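Written below as structure tokens is the structure these notes are about.
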Amino acid sequence: MPGLRRLVLDVLKPLKDPSIVDVALELTKVPGVEAVNITVNEVDVETLSLTVVIEGDNIDFNRVKIVFDEVGAAIHSIDQVVAGERIVEIPPRPEE
């Protein structure tokens, strides 16, 4: 049965360790995760604002949340969820 295929998350992570490299590697250990992309959007005095894109087949979202908890990060918002047999892309908006 098809499950989650893509998650786009807005995540706040403390500036201190672990690095985003370590976080990405931990996320790849989650069942169903095939690829992770972490982009730093903003650096504050104590936090990093990240966009985290996770793709795979039947991603275990509960385990994803556990990884973020373990590294001291918090999911600020869920910006995109794709589920089902295939990934549906959002068509580009026509220029106005």
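Quick notes on this one:
- Unique residue being over 18 Å from VAL81 (Cα atoms), within 16 Å of the chain's Cα centre (by Cα) and at pLDDT 95 or above when the list is ALA35, ALA24: ALA24
- If you filter region 74-96 down to residues that are among the acidic types (Asp, Glu) and surrounded by fewer than 10 Cβ atoms within 10 Å (Cβ to Cβ), you find that the one that is farthest from ASP57 (Cα to Cα) is GLU96.
- Check on THR51, under 16 Å from PRO18 (Cβ atoms) and of a type outside the set (D, E, K, R): no
- Every residue from region 37-82 that is free of Cβ contacts under 8 Å to residues at least 40 places away in the same chain, within 12 Å of ALA24 (Cα to Cα) and either part of a loop (DSSP other than H, G, I, E, B) or of a type in the set (A, V, I, L, M, F, W, C) (or both): ILE38
The values are calculated or read from the model by the stated rules, or taken from the named source; none is laboratory data. Bear in mind the structure is a predicted one, so any value in this text is a computation, not a measurement. Note: ideal-geometry Cβ built from the backbone for every residue, glycine included; neighbour counts use all protein chains shown.
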